[in-house]
Amino acid sequence: MSAPQLSGQPILVLKESATRTDGRDAQRANVSAARVLGELVRSSLGPKGMDKMLVDSFGDVTITNDGATILKEMEIEHPAAKMMVEVAKTQDQEVGDGTTTAVILASELLGKAQSLIEKDVHPSVIVEGFSTAFEMATTYLDKIAIKIRSNDKTMLRKIAEVALATKLVGEQRKLLASIVVDAVLTVAEVKSGKYVVDIEDVKIEKKAGGSVSDTRLIKGLVIDKEVVHTRMRRRIDDAGIALIIKPLEIEKTEFDSKLSIASPEQLEAFIKKEENMLEEMVDRLHKIGANVLMCQRGIDDTAQHFLAKRGILAIRRVKTSDMEHLAKATGGKVITGVSHLESTDLGHAKLVEERKIGDDKMIFIEGCKNPKAVTMFIRGGTERIINEAERGIHDAICVVRDVVQEPKIVAGGGAPEAEVAKRLREYARKISGRSQLAILSFSDALESIPMALAENAGLDPVDILVDLRSKHDKGQIWAGIDSLKGKVRDISQIGVYEPMSVKRQAIASSTEAATMILKIDEMIAVGSEGGPTPPKPPEEGVDEEDS
C-alpha cells in the first residue's frame, strides 16, 4: 500500500502485509457480504420454507431450517457477515425465535441503504432515518398488539403451534404445543405481580427410538444415569430423596500420613472401623426416611453394599445442573454431607424408577407435588430427527415464555410488518429532508418478510404485495400471507399468532446491525505477524550448502 511522504522518505504506518479498503468500496463489500447471508436463509422462512443440509469438517450432517443453527454451523470468514451471525445469536438469546426474520430484515435494510448511497445520500443521514423509523415502528407495534392473559392456555397453545409449524416436527405440533405450554406454566413463578419463567427449569432429555408422538412431559426429572449396585431396588414408591454433594466414602486426610500395622488383627480392626463409619452414614440416611440417594460425587463399594441392604436406591456422579433441578422438582435441599442432613431436607416424589430406554438405562423421578423443574423427554426415529425436534421445541418453549412474561401478541403471516410499513409511509410523508427517503426505505424493507413468505409458498410476490397493501389501506390490520391457502387474508381468523416481543426484538437487532455496518467507511486487514520469511527446505537430492 502507498505510504505518506515526509521529506521524500516514505513513512510506514501499517505493516506492508496490511490491506486497506475505504469509501464506497468498503461499504459495498460489507453490504454484499451481509446480503449473501440474508439471501441464504430467506428460502427457509415460513411454513413452506425449505431446509438446509449442513456438513461439517468431520462429515456430520445437520438438516434444519432454523436460522440461528444454520448460521452457527457455517464457518463465516467475512467480518461484516460475522455481524449478521451476531444478529441471529442475539435474537436467539433474547427471545428464542425470529432469527431468520431478523437476518432477512438486516439484509434488506442494507440493500435499501446501498441504493440510497448510490444516489449520494450520506450514510449518517440514512442511519438517522433508520433510527427514527425503528422508534416509530416499535410504537406502532405496541399500539396494534393484542393483550391476553399470561395463563391463557388456548392462546399459548396456538402460539406454540405456530413456532412448531415451520419445523420438521410440524405434523405433531398440536401434541408438542400442549406439552410445551404445560411445561412452561408449571415452572412459571409470580414475582412482584408478574410471571417469571426460567427456561433452564424445563430440562430437555432426548433418546432415539419410537416416534416424535412418544414425546412426553415428566412432572419431575429424567436423569441419564443408572442404579449403582446390582442388588439395589429398581423402583421406589413414595420416595424420600437425599441430595448430597460430598462423596459417600471415608475422606482422605489433607496431608501425608503413615499407619503402622503390626498384625493381621490390627488390619482387620482398621478395615472394620471404616466399614462401621460407612454403615453409620447409611443408617443415618435410613433413620431420617431417605430411600433414594442422589450423590454428586462417588459412592464407596462398601457403602453401596449397605445401601442395598437397607433398601436405598442410589445414583452417583449426578451433574450439578441435575442436582439443582432435583431440588426444584422435589422440594429438597442440596446438602454438603450426610452428617448435616435432616428429614426436612429430603425431597419427595411418588415414584423413582430405573427404566431401560433402547440400549440405555435412565432414572425417572415422577409425581412431584409442586415441581418447579420439569423434563421434556423427546423421542424420535433417528438422532437427526430428535435433534431437529429439540430445536423446534426450544423455540416453542421460548415463545410461550415470552408471552407469559409479556402477554402481548400479534398475528403472523407478515401482517404486522405490512401494517407497520404502511404507517411508516404515512409518517414519512409528514417530514421533509433526506431522512424521509431512509424511512421509506425502512418501510420497504419491512415488507420483505411477507414477500419472502409469498415467494416460499410459490406465489407471485408482486401480485401479493399489491393485494396486501390494498387490504391494509382499507384498515384490515391483520391481513397477511396464508401460505397454506396461497392468498392474502385476515390471519387472526385462522389463529396464527406470534409474540409481540419477538417482532420487536427482530426489528431492533436488524436495525442495530444495519446501522453499525453502514457507519463503516474503511476496512483495514492486518496481515500475518511480521518477521523474516522462513527459508524454503532444500530440494530433494540437492546439498543445502551447494544450493
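The residue pairs whose first member lies in region 473-491 and is part of a strand (DSSP E or B), whose second member is among the aromatic types (Phe, Trp, Tyr), and whose beta carbons are closer than 7 Å, counting only pairs six or more residues apart or on different chains, are 490/478.
Would region 379-386 turn up any residue that is buried (at least 24 other Cβ atoms within 10 Å of the Cβ), closer than 24 Å to residue 200 by Cβ and in contact (Cβ under 8 Å) with a residue 12 or more places away in the chain?
Taking region 379-386 first, the residues buried (at least 24 other Cβ atoms within 10 Å of the Cβ) are 380.
Imposing the further condition that a residue be closer than 24 Å to residue 200 by Cβ reduces the set to 380.
Those left that are additionally in contact (Cβ under 8 Å) with a residue 12 or more places away in the chain: 380.
Yes, region 379-386 contains a residue that is buried (at least 24 other Cβ atoms within 10 Å of the Cβ), closer than 24 Å to residue 200 by Cβ and in contact (Cβ under 8 Å) with a residue 12 or more places away in the chain.
Considering every residue within region 195-204, establish whether at least one is among the hydroxyl-bearing types (Ser, Thr, Tyr), over 18 Å from residue 314 (Cβ atoms), touching a residue at least 24 places away in the same chain (Cβ under 8 Å) and in a strand (DSSP E or B). Checked region 195-204: at least one residue is among the hydroxyl-bearing types (Ser, Thr, Tyr), over 18 Å from residue 314 (Cβ atoms), touching a residue at least 24 places away in the same chain (Cβ under 8 Å) and in a strand (DSSP E or B). For region 349-365, filtered to residues that are modelled with pLDDT of 90 or more and farther than 16 Å from residue 315 by Cα, the residue that is farthest from the chain's Cα centre (by Cα) is 350.
In region 169-194, the qualifying residues are those that are of a type in the set (A, V, I, L, M) and in a loop (DSSP other than H, G, I, E, B), and the one that is modelled with the highest pLDDT is 188. Against the list (1) surrounded by fewer than 21 Cβ atoms within 10 Å (Cβ to Cβ); (2) closer than 23 Å to residue 67 by Cβ; (3) not assigned by TED's automatic domain parsing to the domain that holds residue 386, the condition residue 224 fails is (2). For region 1-13, the criterion of being at pLDDT below 85, over 28 Å from residue 501 (Cα atoms), surrounded by 14 or more Cβ atoms within 10 Å (Cβ to Cβ) and among the hydrophobic types (A, V, I, L, M, F, W, C) is satisfied by no residue at all. Residues in region 382-428 that are of a type outside the set (Asp, Glu) and not in a helix (DSSP H, G or I): 382, 407, 408, 409, 410, 411, 412, 413, 414. Scanning region 137-153 for residues that are buried (at least 22 other Cβ atoms within 10 Å of the Cβ) and either within 26 Å of residue 50 (Cα to Cα) or in the same structural domain as residue 424 (by TED's automatic domain parsing) (or both) turns up at least one hit.
Residue-wise test of (1) of a type in the set (D, E, K, R); (2) assigned by TED's automatic domain parsing to the domain that holds residue 66.
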position	(1), (2)
391	yes, no
398	no, no
415	no, yes
425	yes, yes
430	yes, yes
437	no, yes
442	no, yes
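Of the residues 465, 459, 453, the single one that is modelled with pLDDT under 95, in the same structural domain as residue 46 (by TED's automatic domain parsing) and touching a strand residue (DSSP E or B) at 6+ places or on another chain (Cβ under 7 Å) is 453.
Quick grid of which residues meet (1) at positive phi; (2) in the same structural domain as residue 394 (by TED's automatic domain parsing); (3) free of Cβ contacts under 8 Å to residues at least 60 places away in the same chain; (4) crowded, with 24+ Cβ neighbours inside 10 Å:
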residue	(1), (2), (3), (4)
155	no, yes, no, no
158	no, yes, no, no
164	no, yes, no, yes
171	no, yes, yes, no
180	no, yes, no, yes
185	no, yes, no, no
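Among the residues of region 281-313, the one identified as out of contact with any strand residue (DSSP E or B) (no Cβ under 7 Å at 6 or more places or on another chain) and on the phi > 0 side of the Ramachandran plot is 311.
Conditions (1) within 22 Å of residue 477 (Cα to Cα); (2) part of a loop (DSSP other than H, G, I, E, B); (3) of a type in the set (A, V, I, L, M, F, W, C); (4) modelled with pLDDT under 95, marked per residue:
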site: 116; (1), (2), (3), (4): no, no, yes, yes
site: 125; (1), (2), (3), (4): no, no, yes, yes
site: 140; (1), (2), (3), (4): yes, no, no, no
site: 150; (1), (2), (3), (4): no, yes, no, yes
site: 162; (1), (2), (3), (4): yes, no, yes, yes
site: 167; (1), (2), (3), (4): no, yes, no, yes
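When residue 316 is tested against the conditions (1) touching a Cys at 6+ places or on another chain (Cβ under 6 Å); (2) at positive phi, the lone failure is (2).
For region 30-50, indicate whether the set of residues that are modelled with pLDDT of 85 or more and in a strand (DSSP E or B) is non-empty. Looking for residues that are modelled with pLDDT of 85 or more and in a strand (DSSP E or B), one finds none in region 30-50, hence no.
Quick one: which residue in 227, 222 is under 30 Å from residue 306 (Cα atoms), in a loop (DSSP other than H, G, I, E, B) and in contact with a strand residue (DSSP E or B) (Cβ under 6 Å, 6 or more places away or on another chain)? Even if it seems obvious, please write down each step before you answer.
Details: 222 fails: in a loop (DSSP other than H, G, I, E, B).
Of 227, 222, the one residue that is under 30 Å from residue 306 (Cα atoms), in a loop (DSSP other than H, G, I, E, B) and in contact with a strand residue (DSSP E or B) (Cβ under 6 Å, 6 or more places away or on another chain) is 227.
If you go through region 62-87 and pick out every residue that is within 26 Å of residue 519 (Cβ to Cβ), part of a helix (DSSP H, G or I) and free of Cβ contacts under 8 Å to residues at least 24 places away in the same chain, you end up with 2.
The values are calculated or read from the model by the stated rules, or taken from the named source; none is laboratory data. The shown structure was predicted, so the numbers you read here are calculated from the model rather than taken from an experiment. Reconstructed Cβ throughout: ideal geometry from the backbone, glycine too, with neighbour counts over all protein chains shown.
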